[in-house]
Amino acid sequence: MKRVHQAWQRARRRRWWITALLLVPLALALTAIAARVAGINIGSIVLLATLLVVAGAATWRARRLDRHWLVRQLDTHAIAQDSADLLFADTAALNPLQQRQQARITAALQAAPPDLRAAWPKRWLAVSWCGGMLVAVLAAGWPVPGAPVPGLPGRAPPPASPAQPPSLQSSRLQIQAPAYTGQALRTQTALDAKVVQGSALDWSLRFSAQPTQAALQLHDGTRIALRRDGEAWVAQWKAARPTLYRIVTEPALTAPKLYRLDVVPDRPPSVRVIAPDRTLVLATPGQRQWTLQFEASDDFGVAASAELHLTLAQGSGENITFREQRIALAGTGPATQRRFARTLDLAALGAGPGNDVIAQLQVRDNRTPTAQTAQSTSLILRLPSEEQVLGTDMEGMVKKTLPAYFRSQRQIIIDAEALIKLRRQLPADEFVKRSDAIGVDQRILRLRYGQFLGEESEGGAKPPPTSDSLPTSDVPADGHADEHDHETATAQTGHDDHDHAPAKADGAPTFGAATDVLSEYGHTHDHAEAATLLDPQTRAILKAALDQMWSSEGELRQGHPERALPFANKALAFIKQVQQAERIYLARVGPELPPIDESRRMTGDRTDLGSRSSTITPVDAPDPAIVAVWQQLADTRSPPDLDALSQWLGRHQSRLTDPLSLAAAVEELRLAPDCASCRTTLRAQLWRALQRPLPQLERRSAPDPMAQRYLDALEGTR
């Protein structure tokens, strides 16, 4: 059995090698094609992948030669006597005759084992290797994309002449982006390109006839000279700005074309704050650490290190001191999107209760020679003082016993939550009555905060009346004054206890005068915009709090405290924001003043000095010359002044959204003056570039007879 097993293994190895040798030429051909089309790096990847496939296919075909295949192959030989299956049977399970036959076959196979290996497929191997080598040779000899087409050996292009002008035969543009971008060298045959700012461009041009001179003409008038290098004309330029260019030769090139070169500037990096989730963070009592996480991204990569600027603000009021500190951070992740994290030890920074810690991350990209920087938003950690912590704890623990006039928003929330818990224990009328009383407290508190916004149209908040001013039956059981008292007083006096200026001594007020109408029918301080006690942002937050108080009051007065709680909680949050707006951190920026000219002091020379009085700057009207060119383009008989248009484009290129399209239309018309479609295209591009006139006031149309009689009647009543 040992020699039979060896013959079986030799047959498997022969099958493996036959399969591998048949497939290897195909793998080599695919590798050569990939290397020629996509480069040596992609070719190496294809070679590795195809060899793995070849090895897997050969192993799979070799394992198909299993025991059943071995039995079938042994039965084909006379020495096995169609009893090869007895070789793998259990001897104890066989009868004496089968055991004798098994021993006889085993002895015969041990003496002369058969050769089970398959014959070499020489014809198929020859076809496979010849075909694979042919494909590899053709792929290796195929021209590289972007390489110039070689001319016939021994035949140089003839000199150009007016009778035989040159024409562009082949072109190659090699683009080498700046090293910091990490982009590989790129070669293309097309002369239109989109490159990174600062890329080195290398042109190689071949002509059907050799010109005496050649250059690249930019649309702004700049020329890049081409020099002859053997049979090719080459030039180099560093892409600093987007431009249009064409090839000019002497003699003139046949069928010249305009090519576009777009230059993409390197954008500065951007910084996003991941943690914390807000710019102003209130520290919890006993907090010792503060975790910061940032994410910086850039199109060509962010520097591996960044700088964290920390500012510690100590003190309050006018006695605030600042102490700055800088910490270097190392980033993680890919270069185009790095993450920076830092956990600050507040004790090591020297931060104590009542202090603010301001953090800001500054990153830079890999641009050379000058890197671009970006900063994150300022993050502020506010450490509460001991008085604030004690006041917060006591406010939630102690139930206030002050009158309703001094109730706080937090107390209103506590009273509403307590009333909700007593819903099942109180009668319906009593529950609604208590809810209405809390609503009165909410109204009084809303009016008290509304005084800061000038909202006094509903009546100012008053202290609760005493027992001497109202009968006992008019005072509610919970000690709150009914709001109808103030409304009744308002109805009797006509307005809210405000004194108005006396009427004019010289006669009746002027009809339609805003000041007279306001003094007679309203109050200036009734408008929230007229209140100057608060800054606009704080006033907006306080106004939002009053809106939430209004909604909370409406639900409480209707006996729905559970519906009023969301509005009351939002109002409390807005009020806390107003209370916390005590300190605002602004980065200190020094003044940038022009240097003083000492030679002009005490001379009275006022040359180049601007006027101190503010003047109205007129809007620049469209250039008449450009308007004339636009009008000339509509008349095919008159040639437009393209030189004036090119000069205007050079002066106003910064304010145009797509100056290259307009420049391309100008150059196309310059190359083909009789092209009607080129005129239409240039006229459309120029129309987009012209400034739109400002809208003017329209004169009022004359009234019809009926309207005129009505106006005359109004004039007669004055």
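Values computed for the structure shown
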{"quantity": "Test: residue in the stretch 30-52 that is over 40 Å from the mean Cα position of the chain (by Cα), loosely packed, with under 14 Cβ neighbours inside 10 Å and in a helix (DSSP H, G or I)", "calculated": "yes"}
{"quantity": "Selection within the stretch 246-280 - in contact with a His (Cβ under 9 Å, 6 or more places away or on another chain) and either among the hydrophobic types (A, V, I, L, M, F, W, C) or modelled with pLDDT of 95 or more (or both)", "calculated": "L258"}
{"quantity": "Residue count, the stretch 170-196 (criterion: touching a residue at least 60 places away in the same chain (Cβ under 8 Å) and either farther than 19 Å from R246 by Cβ or not basic (K, R) (or both))", "calculated": "10"}
{"quantity": "Subset of the stretch 223-255 (residues that are surrounded by fewer than 18 Cβ atoms within 10 Å (Cβ to Cβ) and either polar (S, T, N, Q) or outside the structural domain of A200 (by TED's automatic domain parsing) (or both))", "calculated": "Q236, T254"}
{"quantity": "Filter result (farther than 15 Å from R241 by Cβ and in a strand (DSSP E or B)) within the stretch 197-217", "calculated": "D202, W203, S204, L205, R206, F207, Q210, Q213, A214, A215, Q217"}
{"quantity": "Unique residue being among the charged types (D, E, K, R) and more than 40 Å from the chain's Cα centre (by Cα) when the list is R227, R272", "calculated": "R227"}
{"quantity": "Search result, residues across the stretch 177-212 that are out of contact with any Phe, Trp or Tyr (no Cβ under 8 Å at 6 or more places or on another chain) and polar (S, T, N, Q)", "calculated": "Q183, T187, Q188, T189, Q197, S199, S208, Q210, T212"}
{"quantity": "Any hit, the stretch 658-668, residues being buried (at least 19 other Cβ atoms within 10 Å of the Cβ), more than 22 Å from P242 (Cβ to Cβ) and more than 32 Å from the chain's Cα centre (by Cα)", "calculated": "no"}
{"quantity": "Options A568, A581; residue that is surrounded by 14 or more Cβ atoms within 10 Å (Cβ to Cβ) and at pLDDT below 80", "calculated": "A581"}
{"quantity": "Residue count for the stretch 324-374, restricted to those that are within 27 Å of Q197 (Cα to Cα) and in a loop (DSSP other than H, G, I, E, B)", "calculated": "12"}
{"quantity": "In the stretch 326-361, residue nearest to R278 (Cα to Cα) [restricted to those that are exposed (fewer than 13 other Cβ atoms within 10 Å of the Cβ) and among the polar types (S, T, N, Q)]", "calculated": "T343"}
{"quantity": "Selection count where residues are of a type in the set (K, R) and either touching a residue at least 60 places away in the same chain (Cβ under 8 Å) or surrounded by 17 or more Cβ atoms within 10 Å (Cβ to Cβ) (or both), scope the stretch 271-320", "calculated": "1"}
{"quantity": "Which numbered condition D220 fails, given (1) in a strand (DSSP E or B); (2) surrounded by fewer than 18 Cβ atoms within 10 Å (Cβ to Cβ); (3) in contact with a helix residue (DSSP H, G or I) (Cβ under 7 Å, 6 or more places away or on another chain)", "calculated": "(1)"}
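The values are calculated or read from the model by the stated rules, or taken from the named source; none is laboratory data. Predicted model, so just to flag it, every value in this text is computed and none were measured. Here Cβ is always computed from backbone atoms with ideal geometry, including for glycine, and neighbour counts include all displayed protein chains.
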